[in-house]
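Quick notes on the structure that follows.
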Amino acid sequence: MKFSISIVGSGNLATHLAALFINAGYSIESIVSRNKKTGLHLAKKSHAHYFSDLKKLNTSSQDFIFLCVPDHVIEQTSKSISKQEFVVHCSGSTDIEALKQTNKGVFWPLQTFKHNQEVTHKSFPIVLEANNKASLSKLEDLAKTIKHTSYVMPSNKRRALHLAAVMANNFTNHILHYCMLYLKANKLNQDLLSPLIKESIEKAVAQGAHLSQTGPAIRNDENTLNHHLKMLEDQEDLVELYKFLTHSIQKLSS
């Protein structure tokens, strides 16, 4: 069975989810977004109807209504939709009870999405939750047909996974941003670090981050550590970050 889907939202997640569903042969019935520019663009790309007002959505013509909206408006958005609809939110950190429908679920793609950027690693997990067996079965079928492995877990476990994902993705990316700024300030080619970054991530995944940790902190190389801090002495934020991470590495490795 091929489900029909409507999506509320037109940002990064909505755009990538729509593409996933369309590539699997699903029909996107409607895109609802207050942002007319991105909403119309996604609707045209998805061959879907566009509405700026959720009240104009024909709720009898789709199997799922996906909420790809900021976490803080999920509950309010849900209240604007009939309780008889099957509504699904896509948040890693929001409880399923934020949805007010009789049939409700969570469909959280554990991946980072950026507008106009293809996802390199396309085989990512989908974390599912539903308030009854029938709804869960439909979500499992949906995940299976878009060729992604699904994992069922309650809201509290999903929130813990989301916290870990934020640290793994956002914090790592932020540190890399600092690295690139430092290289630029010193007129060094940023591409020189690319092989090291890729190798570090691959080893951390394959061997475990603890076993693949190297460098002056884990060796307790005080001369190098102090020299680095002296090099950073005019950059207070980096000094504090360097000290914190050095201490953390040494604490976990002791």
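Every number here is computed from the coordinates shown, using simple stated rules; none is lab data. Everything numeric here is computed off the predicted structure, so don't read it as measured data. We place every Cβ from the backbone using ideal geometry, glycine too, and count neighbours over all the protein chains shown.
Past 21 Å, Cα to Cα: identify those pairs from K56/K79; K114/K198; K104/K144; K184/K251, in the order given.
Details: K56/K79 15 Å; K114/K198 19 Å; K104/K144 19 Å; K184/K251 31 Å.
Violating the 21 Å Cα-Cα cut-off are K184/K251.
Largest first, the extents of the alpha carbon coordinates of the chain on the three principal axes equal 69, 37, 30 Å. Overall size of region 112-248 from C-alpha positions, given as principal axis extents largest first: 62, 31, 27 Å.
Suppose a student asked you for the relative contact order of the chain, using Cα pairs under 8 Å spaced at least 6 residues apart; what percent would you report? Kindly include the intermediate steps, with their values, before the conclusion.
Values: 352 pairs, mean separation 29.0, N = 254.
11 percent.
Put simply, the Cα atoms of region 4-153 extend 37, 35, 28 Å along their principal axes, the longest span coming first.
Toward the positive end of the charge dipole of the chain, with +1 on the Cβ of Lys and Arg and -1 on the Cβ of Asp and Glu, the farthest Cα among P216, L238, A48 is that of A48. Mind checking which aspartates and glutamates have their Cα closer than 18 Å to the Cα of K36? Skip sequence neighbours fewer than 8 apart in that chain. Filter leaves D53. Within the chain, what's the longest run with no GluC sites (Glu not before Pro) in a DSSP loop and at most 15 other beta-carbon atoms within 10 Å? Give the range, please. The longest uninterrupted stretch comes out as 1-117.
To the nearest 20 debye, what charge dipole does the chain have about its Cα centre, counting +1 at the Cβ of each Lys and Arg and -1 at the Cβ of each Asp and Glu?
Working: 29 positive and 22 negative charges, 181 e Å.
Here the size comes out at about 860 debye.
For the chain, modelled as a Gaussian network with Cα springs under 10 Å, which listed residue fluctuates most, D141, D237, D53? Residue with maximal mean-square fluctuation among D141, D237, D53: D237. Think of the chain as a dipole: +1 on every Lys or Arg Cβ, -1 on every Asp or Glu Cβ, centred on the Cα centre; then among Q250, G39, S150, G39 lies furthest on the positive end. Computed from point charges on the beta carbon alone (+1 for Lys and Arg, -1 for Asp and Glu), the dipole magnitude for region 159-253 about its Cα centre is near 260 Debye.
Which of the trypsin sites (Lys or Arg not before Pro) found in region 119-209 are loop residues per DSSP with 16 or fewer other Cβ atoms within 10 Å of their Cβ? Sparse-neighbourhood loop trypsin sites (Lys or Arg not before Pro): K122, K147, K187.
Distance from the alpha carbon centroid of region 145-224 to that of region 15-84 works out to 33 angstrom.
Only Cα pairs under 8 Å and 6+ residues apart enter the sum, and on that basis the relative contact order of region 1-135 stands at 20 percent.
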